[in-house]
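Asks: I'd like to ask some things about the structure below.
The values are calculated or read from the model by the stated rules, or taken from the named source; none is laboratory data. Quick caveat: nothing in here was measured; it's all calculated off a predicted structure. FYI the Cβ positions are ideal-geometry reconstructions off the backbone, even for glycines, and counts take in every protein chain you see. The area values use the complete protein model at the heavy-atom level, side chains included, leaving out ligands, DNA and RNA. Shrake-Rupley method; radii C 1.70, N 1.55, O 1.52, S 1.80 Å.
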Amino acid sequence: MTSAIRHYLQFSDFTADDYAHLFARAALIKKKFKAYERHQPLVDRTLAMIFEKASTRTRVSFEAGMYQLGGSVVHLTTGDSQLGRAEPIEDSAKVISRMVDLVMIRTYEQTKIEAFAAHSRVPVINGLTNEFHPCQILADIFTFIEHRGSIAGKTVAWVGDGNNMANTWLQASEILGFKVHVSTPSGYEVDQSVAGLRSNASYQVFKDPMEACRGADLVTTDVWTSMGYEAENETRRAAFADWCVDTEMMRAAHPDALFMHCLPAHRGEEVEAEVIDGPQSVVWDEAENRMHVQKALMEFLLLGRPA
């Protein structure tokens, strides 16, 4: 590999121009997929997928996507590799990256994936960490563009935990020129320093989730208890009781507003069944689009922009 190797560890790793390219490629790749047309630019390339956190959508979307691109996949968990046996992550990175062309990691601390990338000969993709979930927001924004056009100048309401999803929405808003209304319970706020924002100009904090949703073009949320925080489940259930996205919140939003959720969802907790299963919900398109945007991402990291 050359020194021009690029990783995708957080949303801020790419520019607005990079994203314009990715969204255009994802649209083309999805169109071909729907028409049963082959798109296999990654023949003879291998993706290693490393999971320290359980996964459904991330595994299926990356694995199916890589096969559709003509490549192959090696699936590793901490239980069946040296990653779970105290081998230094730097050593694992040096070895694995000599044998594959691309690595996707789903793990806990962001520092872990950064350490792996620093010692990898090949591009590394963040499949989720405690701090960021860039592939999900990539899919979410692509889904918004499909349904409503450009997200620039629009308003996204984030209702719930100030977690990896919230951090990534904040990064995206600064790069792509939209606004995020954030409403979290006290003690679960977003941390601007974690998100790494230059300023707070692209987002606004609301104590009342109803006010955060007022006039929003997109209302989105996540589970109240993310993986790794299960011990806090009952405490969080009490703290988040007023942060369930319901029909009243959706009525406060723009009449044309969409609802998104990265899934899995708990109906009756972070979202009412009437909302997630209602006409404004695009969660199934959103879930499918993980595969299409990640195919565009893998193509971009390995081949750059097609001539």
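Asks: Return the residues of the stretch 55-79 that are at pLDDT below 95, out of contact with any helix residue (DSSP H, G or I) (no Cβ under 8 Å at 6 or more places or on another chain) and either part of a helix (DSSP H, G or I) or open to solvent by less than 70 Å² (accessible area, probe 1.4 Å) (or both); say none if nothing qualifies.
Replies: Selection gives SER55, GLY79.
Asks: Something else: Is it true that MET291 is surrounded by 15 or more Cβ atoms within 10 Å (Cβ to Cβ) and in a helix (DSSP H, G or I)? Let's see the steps before the verdict.
Replies: On the way: surrounded by 15 or more Cβ atoms within 10 Å (Cβ to Cβ): yes; in a helix (DSSP H, G or I): yes.
For MET291, the condition - surrounded by 15 or more Cβ atoms within 10 Å (Cβ to Cβ) and in a helix (DSSP H, G or I) - is met.
Asks: I'm checking my understanding of the structure. Among residues of the stretch 117-158 that are open to solvent by 30 Å² or more (accessible area, probe 1.4 Å) and in a helix (DSSP H, G or I), which one is nearest to ASP13 (Cα to Cα)?
Replies: ALA118
Asks: Check the stretch 39-47 and report whether any residue there is open to solvent by 40 Å² or more (accessible area, probe 1.4 Å) and in a helix (DSSP H, G or I). Lay out the reasoning, then the answer.
Replies: Narrowing the stretch 39-47 to residues open to solvent by 40 Å² or more (accessible area, probe 1.4 Å): 40-41, 43-45.
With the extra rule that they be in a helix (DSSP H, G or I), the set shrinks to none.
Scanning the stretch 39-47 turns up no residue that is open to solvent by 40 Å² or more (accessible area, probe 1.4 Å) and in a helix (DSSP H, G or I).
Asks: Output the residues belonging to the stretch 273-289 that are of a type in the set (Gly, Ala, Ser) and under 16 Å from CYS135 (Cβ atoms).
Replies: Going through the stretch 273-289, the residues of a type in the set (Gly, Ala, Ser) turn out to be 273, 278, 281, 287.
Residue satisfying the conditions is ALA287 alone.
Asks: So which pairs qualify, if the first residue must be in the stretch 22-33 and surrounded by fewer than 17 Cβ atoms within 10 Å (Cβ to Cβ), the second must be outside any helix (DSSP H, G or I), the Cβ gap must be under 9 Å, and the two must be at least 6 apart or on different chains?
Replies: Going by the 9 Å Cβ cut-off, the qualifying pairs are LEU28/HIS39; LYS31/GLU37; LYS32/ARG38; LYS32/HIS39.
Asks: So which pairs qualify, if the first residue must be in the stretch 273-284 and within 18 Å of ASP217 (Cβ to Cβ), the second must be aromatic (Phe, Trp, Tyr) and crowded, with 18+ Cβ neighbours inside 10 Å, the Cβ gap must be under 6 Å, and the two must be at least 6 apart or on different chains?
Replies: These pairs meet every condition: VAL275/PHE259; GLN280/PHE259; SER281/PHE259.
Asks: Filter the stretch 111-132 for residues that are hydrophobic (A, V, I, L, M, F, W, C), within 20 Å of the chain's Cα centre (by Cα) and closer than 22 Å to ALA296 by Cα and give the result.
Replies: Once the filter is applied, which keeps residues that are hydrophobic (A, V, I, L, M, F, W, C), within 20 Å of the chain's Cα centre (by Cα) and closer than 22 Å to ALA296 by Cα, the stretch 111-132 yields ILE113, ALA117, VAL124, ILE125, LEU128, PHE132.
Asks: If I filter the stretch 287-303 for residues that are at pLDDT 95 or above and of a type in the set (Asp, Glu), do I get at least one hit?
Replies: The first filter runs over the stretch 287-303 and keeps only residues at pLDDT 95 or above, leaving 287-303.
Filter once more, keeping what is of a type in the set (Asp, Glu): 288, 299.
Within the stretch 287-303, one or more residues are at pLDDT 95 or above and of a type in the set (Asp, Glu).
Asks: Additional query: Evaluate the stretch 88-104: report whether one residue or more is surrounded by 22 or more Cβ atoms within 10 Å (Cβ to Cβ), under 14 Å from the mean Cα position of the chain (by Cα) and of a type outside the set (Phe, Trp, Tyr).
Replies: There is at least one residue in the stretch 88-104 that is surrounded by 22 or more Cβ atoms within 10 Å (Cβ to Cβ), under 14 Å from the mean Cα position of the chain (by Cα) and of a type outside the set (Phe, Trp, Tyr).
Asks: I would also like to ask the following. Which of the following residues is closer than 28 Å to LYS31 by Cα, within 22 Å of the chain's Cα centre (by Cα) and among the basic types (Lys, Arg): ARG57, ARG45?
Replies: Working: ARG45 fails: within 22 Å of the chain's Cα centre (by Cα).
That would be ARG57, the only listed residue that is closer than 28 Å to LYS31 by Cα, within 22 Å of the chain's Cα centre (by Cα) and among the basic types (Lys, Arg).
Asks: Looking at the stretch 236-257, is at least one residue in contact (Cβ under 8 Å) with a residue 60 or more places away in the chain, under 18 Å from the mean Cα position of the chain (by Cα) and either open to solvent by 50 Å² or more (accessible area, probe 1.4 Å) or more than 17 Å from GLU272 (Cβ to Cβ) (or both)?
Replies: The answer is no; no qualifying residue exists.
Asks: If you don't mind, there's one more thing I want to ask. Give GLN40, GLN82 a once-over and let me know the one that is at pLDDT below 95 and either out of contact with any strand residue (DSSP E or B) (no Cβ under 8 Å at 6 or more places or on another chain) or farther than 26 Å from ALA172 by Cβ (or both).
Replies: Working: GLN40 fails: at pLDDT below 95.
Residue meeting the stated conditions: GLN82.
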